[in-house]
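The values are calculated or read from the model by the stated rules, or taken from the named source; none is laboratory data. All of these numbers come straight from a predicted model, not from anything done at the bench. Cβ sites come from the backbone with ideal geometry, for glycine too, and all protein chains shown count toward neighbours.
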Amino acid sequence: MEKMKQARAGFTMIELLVVLVILMVIGTIAVQNFSGEEDKAKVKATKASFTSLENALERFKLDVGRYPTAEEGLAALYEAPEGLEDWAGKYLTKRRSLKDAWDNDYVYTIPGPDGEPYELVSLGADKAEGGEKYDADLSSLDEK
């Protein structure tokens with residue numbers, strides 16, 4: 001009787017393999033369910049950052065009388081361009097605000113298309129023009 005208890009005291013190799021397979025299946029399902037969440041959050045964060053950049057651009061324009069030139073770029077919202085006496089910034093509290101959620105610099109185009117004063121663009125996850133889904137470009141002119 002005591003020998004039977006000793007023989008059944010541990011798991012068999014088959015039981016261990018079954019448990020490992022079950023854990024792998026659960027892990028695979030979990031990864032598939034959460035894999036797009038990070039990119040989805042980055043898209044939302046980038047779209048939200050357009051608002052703060054637009055506000056900073058408007059404050060810059062109120063003080064200086066114009067938007068930053070293409071040469072000055074968005075950096076003019078954080079550091080005063082040379083020779084600009086009316087600059088009353090910093091219009092952004094963090095230099096990090098000049099980058100999108102994928103750590104890319106925003107593309108600042110002045111003037112913007114279709115008579116818009118400017119356009120801000122994030123190149124998305126692929127860091128290149130065009131793309132689909134999370135690789136697609138995001139524009140401040142898109143519907144919010």
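Across segment 52-67, the qualifying residues are those that are free of Cβ contacts under 8 Å to residues at least 60 places away in the same chain, within 24 Å of the chain's Cα centre (by Cα) and exposed (fewer than 14 other Cβ atoms within 10 Å of the Cβ), and the one among them that is farthest from residue 118 (Cα to Cα) is 55. Within the option set 84, 57, 53, being in contact with a helix residue (DSSP H, G or I) (Cβ under 8 Å, 6 or more places away or on another chain) and either closer than 25 Å to residue 39 by Cα or assigned to a strand (DSSP E or B) (or both) holds for one residue only, 53. Would a scan of segment 86-106 turn up a residue that is in contact with a strand residue (DSSP E or B) (Cβ under 7 Å, 6 or more places away or on another chain) and over 15 Å from residue 53 (Cα atoms)? Within segment 86-106 (the criterion being in contact with a strand residue (DSSP E or B) (Cβ under 7 Å, 6 or more places away or on another chain) and over 15 Å from residue 53 (Cα atoms)), the answer is no, since none of the residues qualifies.
Residues of segment 121-135 being within 25 Å of residue 56 (Cβ to Cβ) and under 14 Å from the mean Cα position of the chain (by Cα), which ones? Break it down stepwise before answering.
Taking segment 121-135 first, the residues within 25 Å of residue 56 (Cβ to Cβ) are 121-125, 127, 129.
Those that are within 25 Å of residue 56 (Cβ to Cβ) and under 14 Å from the mean Cα position of the chain (by Cα): 121, 122, 123, 124, 125, 127.
Mind listing just one residue for me: the one in segment 109-131 that is closer than 16 Å to residue 41 by Cα and of a type outside the set (A, V, I, L, M, F, W, C) and, of those, modelled with the highest pLDDT? Filtering segment 109-131 for residues that are closer than 16 Å to residue 41 by Cα and of a type outside the set (A, V, I, L, M, F, W, C), the one modelled with the highest pLDDT comes out as 122.
Among residues of segment 68-83 being among the hydrophobic types (A, V, I, L, M, F, W, C) and touching a residue at least 24 places away in the same chain (Cβ under 8 Å), the one that is surrounded by the fewest Cβ atoms within 10 Å (Cβ to Cβ) is 70. With respect to the conditions (1) free of Cβ contacts under 8 Å to residues at least 24 places away in the same chain; (2) over 27 Å from residue 40 (Cα atoms), residue 93 lacks only one, and its number is (2). Being closer than 27 Å to residue 133 by Cα and at pLDDT 80 or above holds for only one residue in 35, 49, and it is 49. Total residues in segment 112-144 satisfying the condition of being more than 23 Å from residue 72 (Cβ to Cβ), touching a helix residue (DSSP H, G or I) at 6+ places or on another chain (Cβ under 6 Å) and part of a loop (DSSP other than H, G, I, E, B): the figure is 3.
Which one of these is closer than 19 Å to residue 123 by Cβ and either of a type outside the set (Asp, Glu) or touching a residue at least 12 places away in the same chain (Cβ under 8 Å) (or both): 86, 39? Reasoning before the result, please.
Working: 86 fails: closer than 19 Å to residue 123 by Cβ.
Being closer than 19 Å to residue 123 by Cβ and either of a type outside the set (Asp, Glu) or touching a residue at least 12 places away in the same chain (Cβ under 8 Å) (or both) holds for just one of 86, 39, which is 39.
Scanning segment 106-127 for residues that are surrounded by fewer than 17 Cβ atoms within 10 Å (Cβ to Cβ) and closer than 25 Å to residue 37 by Cβ gives 126, 127.
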